[in-house]
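Colleague: Dropping a structure here in C-alpha cells format, bear with me for questions.
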Amino acid sequence: MKYEVLVEDSFYHIYNCGNNKENIFIEEQNYPYFLKLVKKHLLKTCDILAYCLLKNHFHFIIKTKENILSKDISQSFSNLFNSYSKSINKKYGRNGSLFKDRFSRIKLDTEEYLKNLIIYVHLKPSHHEFIDDFRNYKHSSFNSILSDKIQVY
C-alpha cells in the first residue's frame with residue numbers, strides 16, 4: 001500500500017484492524033479507554049467528524065487542523081496506537097503488534113464522498129451483525145452527532 005502523508009486542513013477516512021484479525025477491543029472498558037486516548041493524542045491535530053469502534057477494527061473520519069505539520073499529525077496517530085497497544089499488551093499479558101501494519105488512510109476529495117462515508121461508518125455495526133439497529137450501537141458517534149450534548153470520556 002502506498003503511504004499517503006496526512007496533510008493539514010484535509011478530510012480523511014482512517015481505519016485499521018487487529019493483527020491477524022484479532023480483537024483490538026477485548027472488554028467493554030477498552031472502548032472508552034481508547035476514546036480517552038483519542039482525545040489525549042488526536043484532538044491537538046485533527047477534529048473527529050465520525051467514528052465507529054468494532055471488536056477487531058475501527059473507522060474514523062477526521063479533518064486535520066490548519067497550520068499543523070504533516071509529521072506532527074502522523075506522530076499523534078502513532079502516539080495513540082502505541083499507547084493503546086502497550087496498555088492492552090500489559091493488561092492482557094500479550095506481546096507484539098496489536099494492529100495490522102500501518103493504519104490506512106484515504107483522503108476525501110468531495111463533500112458527497114464525505115457524506116456517504118459518514119453513513120457507511122455508522123452502518124458498520126449492522127453490516128457486521130453486531131446489532132440489528134445501528135442507531136443502538138454505543139461505540140459509534142451516531143447518537144452524539146444527533147445530540148446537542150457533547151460526549152466526553
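Colleague: Under 14 Å from the Cβ of Leu43, count the other residues' Cβ atoms, weight Lys and Arg +1, Asp and Glu -1, and hand me the total.
Modeller: Residues close to Leu43 contribute a combined charge of +4.
Colleague: Among Lys71/Lys138; Lys40/Lys90; Lys40/Lys91; Lys86/Lys115, which pairs are too far apart, with a Cα-Cα distance over 26 Å?
Modeller: Long pairs (Cα-Cα over 26 Å): Lys71/Lys138; Lys86/Lys115.
Colleague: Grab the beta carbon distance between Gln29 and Ser97, set R0 = 25 Å, and tell me the FRET efficiency rounded to 0.05.
Modeller: 0.70
Colleague: Which net charge results for the neighbourhood of Asn19, defined as the other residues with beta-carbon distances under 9 angstrom from its beta-carbon, given Lys and Arg at +1 and Asp and Glu at -1?
Modeller: Local net charge: 0.
Colleague: On to the next question. What does the charge add up to near Leu53, with Lys and Arg as +1, Asp and Glu as -1, over the other residues with Cβ less than 10 Å from its Cβ?
Modeller: Cβ neighbours under 10 Å give a net charge of +3.
Colleague: Now a separate question. Quick one: length gained pulling Asn56 to Gln75 fully straight, 0.36 nm per residue minus the C-alpha distance?
Modeller: Difference between extended and current length: 4.6 nm.
Since every read-out is calculated from the coordinates, none of them should be taken as a lab result. Because the structure is predicted, anything quoted here is derived from the model rather than measured. We place every Cβ from the backbone using ideal geometry, glycine too, and count neighbours over all the protein chains shown.
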